[in-house]
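No lab work stands behind these numbers, since they all come straight from the coordinates. This structure is a prediction, so every number in the text was calculated from the model and none was measured. Backbone-built Cβ (ideal geometry, glycine too); neighbour counts: all protein chains shown.
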Amino acid sequence: MQKGSLRRFDLVALTMVGACVAGLYGAALPDLALSLASSKVEGTVGGRVSGTVPAAPTARLMVSQASRMAAPAASVLPPGLDVAAVRRVYDTMGYGLDTVRNETATVPRVFLSSVPVDIGELTSTDQRKSVFLRSMLPLILKVNEEITVDRARLKGMMAAVQQGKSVTAADRRWVETKSREYGLTTPDMRKLLPRLDVIPPSLALAQAAEESGWGTSRFARQGNALFGQWTTDTDVGIIPKNRQEGQTHAIKAFPNLMTAVRAYARNLNSHRAYAEFRTRRAALRTAGKPLDGTDLARTLVRYSERGTDYVDTLHTIMRVNDLPSFDSAALQHPREEIELASLVIRDTVTR
């Protein structure tokens, strides 16, 4: 990109971040494409989006129109972005790992659709790790937020039943659906509760880093496969190049990173191989203790053929990269995002 187009690139990108932040929060992660380049990009709505990014006055009009909508939204960045573009958005939103670690800032609701295309070209290991962690943390927090909402609904229903109140037909159908999703053969609120729970960000980040090579693996780049989940359906998977003779599995691919994180959480929360993980997590809940990613990692010896060596690797990744400090991280309140986006747009327009 020529230097002359960089200012326009920044302005439109920041303005459209504001537009995305301002609308449709009521939908669970709207497929909203945020274009950051003046070339054709692969969008997240209705297939391919082509054309040129609109000039700043048009983008500002979009913000004005979006601000009239009833509720704020998350922003979904389209696939195919490079590290520079991703960093620019995060820096503009004031999103840095140190501020999150120190609990002086929350995490913006800006979600990548795919890992930056050139993350593997970063020569600095620290820079690669930083980009990867900044990219993954919002996704993990969003999925945990969704689970927390469902868990609160379930606990409310259970409390109502204990008080002798009847469950509505809609609630019964919801329990039936969630029970199937979480691997139960029959609807059972008491059995569903320990499965319907969050994954500590430290653990999810460590597993994503290990399984995807910090976002550089072929599976992550080609199929948004962050957690090395297996499938026997090669139509939805990528066949490993080093697959041993006689093996038939593939690494499951996903349409975007958010779907991959949701599938990972569902896997830990439903598969029989991770029953010990769920039992230990429920015990921490009962004892009123925080969910400890380092502790819970010890239950995942069956996640990898490496067994305890795999767990040791997760512990090393968590310790060296101070991942437990992210277990208390939180997504920004939607109102904060609207105010921040307004400041960003104003400062950029008048600069």
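Less than 5 angstrom separates the built amide H of Phe111 from those of Ser75, Val76, Leu77, all sequence-distant by 5 or more or on a different chain.
From least to most packed, judged by other beta carbons within 10 angstrom and beginning with the fewest, Val115, Val143 follow the order Val143, Val115. Taking amide H atoms as placed 1.01 Å from N in the peptide plane, the amide H of Asp82 lies under 5 Å from those of Val117, each 5 or more residues away in sequence or on another chain. If you sort the three axes of the alpha carbon gyration tensor as a ≥ b ≥ c, you get a/c under 1.5 for the range 255-330, which makes it rounded. Across the range 311-326, coupling constants 3J(HN,Hα) worked out from phi with the 6.51/-1.76/1.60 Karplus curve, θ = phi - 60°, read 4, 4, 5, 4, 4, 5, 4, 5, 6, 5, 9, 6, 6, x, 5, 8 Hz, and Gly and Pro carry x. Applied to the range 110-115, the Karplus parametrisation 6.51 cos²θ - 1.76 cosθ + 1.60 on θ = phi - 60° returns per-residue 3J(HN,Hα) values of 10, 10, 6, 7, 8, 5 Hz, with x for Gly and Pro.
Close amide H partners of Leu331, meaning residues 5 or more places away or on another chain with modelled amide H under 5 Å apart, are Val107.
Per-peptide packing, taken as the mean over residues of other Cβ atoms within 10 Å, places 270-276, 259-265, 297-303 in the sequence 259-265, 297-303, 270-276 from highest down.
Net length available on complete extension from Gln127 to Val149 is 4.5 nm, with 0.36 nm assigned per residue and the Cα-Cα distance removed.
Modelled spin-label separation between Glu103 and Thr279, with each label point placed 7 Å from Cα along the Cα-to-Cβ direction: 3.3 nm.
The distance separating the Cα centre of the range 192-208 from that of the range 105-173 comes to 9 Å.
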